[in-house]
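Asker: Provided herewith is a single structure, encoded as structure tokens, for subsequent inquiry.
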Protein chains: 2
Amino acid sequence: MPNQTPSRKRSVPERSRTNDPERTKADILAVATEEFATYGLSGARVDAIAERTQTSKRMIYYYFGGKDGLYLAVLEKAYADIRAIESALELDLLDPVEALRRVIDQTFENDDSHTDFVRLVTIENINQGKHLAEATSIREINLRIIQIIDAILERGRAKGLFRADLEPVDVHMMISAFCFFRVANRHTFGAIHRIDLSEPGRRQKHKQMIADAVIGLLQQK
Amino acid sequence: MPNQTPSRKRSVPERSRTNDPERTKADILAVATEEFATYGLSGARVDAIAERTQTSKRMIYYYFGGKDGLYLAVLEKAYADIRAIESALELDLLDPVEALRRVIDQTFENDDSHTDFVRLVTIENINQGKHLAEATSIREINLRIIQIIDAILERGRAKGLFRADLEPVDVHMMISAFCFFRVANRHTFGAIHRIDLSEPGRRQKHKQMIADAVIGLLQQK
DNA sequence: CGTTGGACGTACAGGTTCGTCCATTATGCG
DNA sequence: CGCATAATGGACGAACCTGTACGTCCAACG
């Protein structure tokens, strides 16, 4: 007597399945991004991701190989999405100070509105950047911003506006540090000092602050 | 006939057990700090901590109630240790600019040399600051630095050196953001830009940068 | 020198989580 | 139209992880 399988759940076969690999992958990625950003790499649950997806856990392993593969895909997509925004800057015609102000504004707004991205980067640092090391694509993406700042600094120096002893990477770090910290550490910093960092007034003030500080620093001496 | 325990491992009974609660707790805390800082809250393993301890897992539950309790204790101790250092600053006699430079120097060195602390704060932010909210002691600890900066700003304004429209919290955030970011994001930032943020030359340069930027900002206008 | 209570160790129960097996349906192509 | 292959679902297993039951050891003290 072979194993009968009569008790199959027999869900109403009215709706037929439609294969759509791209949609399935995108669906998984979107849900996974949220899960990883919320709970971290070790805190995220594959089952939880699968459940909130239109598809099943089997598909995660089919397309992404496993939890780590999925995490890497999420990380790459997050960086790529941010790149798309930054690359759109058109600054060649502006005077250096104004151009720099726009770059800072852009970074500020980016970090502020893409909290998932900020959290993923934070998580990757907790993980000591091990996954990022494998993703060569991510490196190229971020060099764009260095080129942009470099060009601005060059033009600024040519006009005698900026000092010459600061490298683009250091200027970028200063800007990034401030904008990133505001978002990444908003919970502890907010709780300790009892302030809401997302409140519009303070937001504006902070944006002004970092711009004034960076530009002031470049004009010193 | 009482239950014989013949198959007992029979470890050389030379060394007798000495009860030392304080030592046991400190031992657990030290190991746990490292584990949590390395793997995060969800990534840390109670078994792993117990194994690297002189004592057993039972004691973790005995003294700290569980994984969460242990994590909270680790977090509190980390903040307390940092406080002890910062409170030692003696700045009343210095002129405001020099005093501020010392505060910045202190913050820079603190973050740079206490990577465990930086990682724990990062982890707590990933966790949305939920544990920190329960630890009222931590809040008080951090208000000290605000008082210090406030006093410096007051004296600076009295002498007509500093502008009046920046709050101590905002100045503190600017300093913290830079110093914290350097350590917290050193993996991703270092990998992307292929630089070693702990290299002495760059370290010095960064310390100079943030000090010049903050002081310059306060002296603007 | 027997009793007592805090400090401690071992083993395990209960639940969770990742990853896979097997079966099934869709789709493209000859 | 039939077959090969890609895409999909559900259930399951094995490892892992937290927390606990239960018993032992030790120092202090009357």
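Asker: Answer with yes or no whether B:Asp47 is of a type in the set (D, E, K, R), in a helix (DSSP H, G or I) and within 16 Å of DNA strand D (Cβ to nearest atom).
Answerer: yes
Asker: Output the residues belonging to region A:40-77 that are of a type in the set (Gly, Ala, Ser) and within 14 Å of chain B (Cβ to nearest Cβ). Break it down stepwise before answering.
Answerer: Step one: list which residues in region A:40-77 are of a type in the set (Gly, Ala, Ser), which gives A:40, A:42-44, A:48, A:50, A:56, A:65-66, A:69, A:73.
Matches in region A:40-77: A:Gly40, A:Ser42, A:Gly43, A:Ala44, A:Ala48.
Asker: Considering region B:50-63 alone, what residues qualify as being more than 13 Å from B:Thr24 (Cβ to Cβ) and within 11 Å of DNA strand D (Cβ to nearest atom)? Talk me through it step by step, then tell me what you get.
Answerer: Taking region B:50-63 as the starting set, the residues that turn out to be more than 13 Å from B:Thr24 (Cβ to Cβ) are B:51-52.
Within region B:50-63, just B:Glu51 meets the criteria.
Asker: Restricting attention to region A:185-201, report how many residues are within 21 Å of A:Arg119 (Cβ to Cβ), out of contact with any helix residue (DSSP H, G or I) (no Cβ under 6 Å at 6 or more places or on another chain) and facing chain B (nearest Cβ under 9 Å).
Answerer: 4
Asker: Please verify whether region A:103-110 includes one or more residues that are within 13 Å of chain B (Cβ to nearest Cβ), under 18 Å from A:Thr33 (Cα atoms) and surrounded by 14 or more Cβ atoms within 10 Å (Cβ to Cβ).
Answerer: No, region A:103-110 has no match at all.
Table: residues versus (1) within 16 Å of DNA strand D (Cβ to nearest atom); (2) under 21 Å from B:Ala158 (Cα atoms); (3) touching a residue at least 12 places away in the same chain (Cβ under 8 Å).
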{"residue": "B:Leu70", "(1), (2), (3)": "yes, no, yes"}
{"residue": "B:Ile82", "(1), (2), (3)": "no, no, yes"}
{"residue": "B:Ser87", "(1), (2), (3)": "no, no, yes"}
{"residue": "B:Glu90", "(1), (2), (3)": "no, yes, no"}
{"residue": "B:Leu93", "(1), (2), (3)": "no, yes, no"}
{"residue": "B:Pro96", "(1), (2), (3)": "no, yes, yes"}
{"residue": "B:Arg101", "(1), (2), (3)": "no, yes, yes"}
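Asker: Another question, then. Can you give me the number of residues within region A:201-221 that are surrounded by fewer than 17 Cβ atoms within 10 Å (Cβ to Cβ) and closer than 26 Å to A:His172 by Cβ?
Answerer: Going through region A:201-221, the residues surrounded by fewer than 17 Cβ atoms within 10 Å (Cβ to Cβ) turn out to be A:201, A:203-205, A:208, A:219-221.
Keeping just the survivors that are closer than 26 Å to A:His172 by Cβ gives A:203-205, A:208, A:219-221.
Count: 7.
Asker: Still on this structure, I have one more. Could you please give the count of residues in region A:111-136 that are without any contact (Cβ under 8 Å) to a residue 12 or more places away in the chain and crowded, with 17+ Cβ neighbours inside 10 Å?
Answerer: Within region A:111-136, the first condition is being without any contact (Cβ under 8 Å) to a residue 12 or more places away in the chain, and the residues that meet it are A:113, A:125, A:128-130, A:133, A:136.
If we keep only those that are crowded, with 17+ Cβ neighbours inside 10 Å as well, we get A:125, A:129.
Of the residues in that region, 2 qualify.
Asker: Taking region A:138-156 as the search range and keeping residues that are of a type in the set (Asp, Glu) and over 14 Å from B:Ile192 (Cβ atoms), which one is nearest to the other protein chains (Cβ to nearest Cβ)?
Answerer: Step one: filter region A:138-156 for residues of a type in the set (Asp, Glu), giving A:140, A:150, A:154.
So of that shortlist, the ones also over 14 Å from B:Ile192 (Cβ atoms) come out as A:150, A:154.
Numbers: A:Asp150: 12, A:Glu154: 18 Å.
Selected residue: A:Asp150.
Asker: Which residue is farthest from the chain's Cα centre (by Cα), if the candidates are limited to region B:32-49 and must be farther than 12 Å from B:Asp68 by Cβ and within 13 Å of DNA strand C (Cβ to nearest atom)?
Answerer: The extreme case among them is B:Asp47.
Asker: A follow-up question, please. When the residues of region B:157-180 are narrowed to those that are charged (D, E, K, R) and away from every other protein chain (no Cβ under 11 Å), which ends up farthest from A:Arg202 (Cα to Cα)? I'd like the intermediate steps shown before the answer.
Answerer: Within region B:157-180, the first condition is being charged (D, E, K, R), and the residues that meet it are B:157, B:159, B:163, B:165, B:167, B:170.
Those still in the list that are away from every other protein chain (no Cβ under 11 Å) too: B:157, B:159.
Numbers: B:Arg157: 22, B:Lys159: 27 Å.
Among those that are charged (D, E, K, R) and away from every other protein chain (no Cβ under 11 Å), it is B:Lys159.
Here, each number is a calculation from the coordinates, and none is a lab measurement. As the structure is a computational prediction, the values presented were derived from the model and not from experiment. We place every Cβ from the backbone using ideal geometry, glycine too, and count neighbours over all the protein chains shown.
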